[in-house]
Amino acid sequence: MNNLIALAQVIGSGLSNQNCYLSLQQVGYEVGTFWAYRGDSKSGIWCSERDWAAGIETQLSSSTVPDDLIPTMVAALFSVVNIPFVRDINIKGEACSLPSDIYPVVQCDGYQFVLVGFSATWIKHLTMGWESYFAPQIRVKVPLVVGYLTHTQPVFDGEGVWLKEGHDPNLGTAILWWEKPVASVQYQAENTWSVTNLYASYSLSDDVSYVQIATLDISLQDLYQLENNYSFEAELSCEVQSKLISNNACVAKGDLLVSPDGVVFYADKDHIT
């Protein structure tokens, strides 16, 4: 997910090149084949068994292909993106299940495939000269947090902890969190929010934890267009109790104490894991 916003900034609502369309899409867990790029096991092309068969049928009027023609089919089906790029794709694919997530998906006549593990910079280079088009918007669920901390030990010792960048949820303010603080937002009315502060693009250490109070269902397009005073619509789902999230897991639940000096998270000893 680290690269998703950067990919959205490059791909936008979608890109097209003749009968080839590229957009970010939610892909469910499926079995398929992965062709590595330049021997890199983390980047390449993935295609489901269903779409591979459909693509073969568009070329041969058959859903199967002889082994000696597979390299030709790999080139024929995937070169719609970029011929030099496909020349560096390993023609020997490996069976691979793709985890459910949001990926850059290329759609052609009757079939589609996924670009896996490529940076936004590489996608931008790959699609140089492509035109924009409007694909269906993708929505993502983003944590709404009141602050974060770098050391959780005081929580497990039963102590209250001052949160960095503490926000008072009673005033309708919180932080949009996407692997790191993205923006401070203010609730307006009827699922409408506005950005009051945009955080600089920087990385936090791996041991950062955050206190989540809710989740916002926001369009990915809004997420990458955020700027100061930007307004957007997002559905709010509140937590029953504040949760301390560490390594994508809830490690404690507790209460918030708000003062003029900031926000303190105090864990409920019965809800520490």
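The values are calculated or read from the model by the stated rules, or taken from the named source; none is laboratory data. Note that the coordinates shown come from a computational prediction; the quantities given were computed from them, not determined experimentally. Heads up, the Cβs are rebuilt from the backbone with ideal geometry, glycines too, and the neighbour counts pull from every protein chain shown. Areas reflect the complete protein model, heavy atoms only, side chains present, ligands, DNA and RNA absent. Shrake-Rupley method; radii C 1.70, N 1.55, O 1.52, S 1.80 Å.
Considering all different alpha carbon pairs of the stretch 21-115, the Kirkwood hydrodynamic radius works out to 13.3 Å.
Extent along the principal axes, Cα only, for the stretch 137-234: 43, 28, 21 Å, with the longest axis given first.
Summing charges over neighbours of Lys253, with a neighbour being any other residue whose Cβ is under 13 Å away from its Cβ, gives -2 when K and R count +1 and D and E count -1.
For the stretch 175-273, applying the loop criterion from DSSP together with a ceiling of 16 other beta carbons within 10 Å to the GluC sites (Glu not before Pro) yields Glu179, Glu190, Glu227. Around Ala36, with a cut-off of 11 angstrom between Cβ atoms, what is the net charge of the other residues, counting Lys and Arg +1 and Asp and Glu -1? Once all neighbours under 11 Å are counted, the net charge is 0. Once C-alpha pairs closer than 8 Å and six or more residues apart are averaged by separation and normalised to the residue number of the stretch 90-201, the relative contact order reads 14 percent.
Here the Karplus relation 6.51 cos²θ - 1.76 cosθ + 1.60, evaluated at θ = phi - 60°, turns the backbone of the stretch 250-264 into coupling constants of 6, 10, 6, 10, x, 10, 10, 10, 10, 9, x, 8, x, 10, 10 Hz, with x for every Gly and Pro. Solvent-free Debye calculation, one equal scatterer per alpha-carbon of the stretch 185-273: log10 I(q)/I(0) at 0.12, 0.26 Å⁻¹ equals -0.49, -1.25.
A Cβ-based charge dipole, computed about the Cα centre of the stretch 176-273 with Lys and Arg at +1 and Asp and Glu at -1, lands at about 200 debye.
Inverting the pair-averaged 1/r between distinct Cα atoms of the chain gives 21.0 Å as its Kirkwood hydrodynamic radius. Which part of the stretch 108-134 falls in the paramagnetic zone of Val31, meaning amide N under 20 Å from the point 7 Å along Cα-to-beta-carbon? Correct set: 112-114. Evaluated over the chain, the count of Lys pairs having alpha-carbon atoms less than 30 Å apart is 22 (only pairs 8 or more residues apart or interchain).
For chymotrypsin sites (Phe, Trp or Tyr not before Pro), the sites in the stretch 170-206 that DSSP calls loop and that have at most 11 other Cβ atoms within 10 Å are Tyr202. Against the main long axis of the alpha-carbon atoms of the chain, helix 49-60 sits at an angle near 30°. Local charge for Val155 was computed over the other residues whose Cβ lies under 15 Å away, with Lys and Arg +1 and Asp and Glu -1, and equals -2.
Across the chain, C-alpha contacts under 8 Å between residues 6 or more apart give a mean separation that, scaled by the residue count, equals a relative contact order of 18 percent. Multiplying the residue separation of Gln241 and Glu190 by 0.36 nm and subtracting their alpha-carbon distance yields 16.1 nm.
For the pair His125 and Lys42, a Förster radius of 30 Å applied to the C-beta separation gives a FRET efficiency near 0.95, rounded to the nearest 0.05.
Here the accessible area is traced with a 1.4 Å probe on the protein chains. For the chain, carbon and sulfur cover 48 percent of it.
Residues in the chain average 53 Å² of solvent-accessible surface per residue, probe 1.4 Å, ligands and nucleic acids excluded. Among the chymotrypsin sites (Phe, Trp or Tyr not before Pro) found in the stretch 25-88, those both in a DSSP coil and sparsely packed, with 11 or fewer other Cβ atoms within 10 Å of their Cβ, are Tyr29.
Close amide-amide hydrogen proximity is noted between Leu144 and Ile213, Ala214, Thr215, Leu216, each under 5 Å apart and 5 or more residues distant or on a separate chain (H modeled in the peptide plane; Pro and chain starts excluded).
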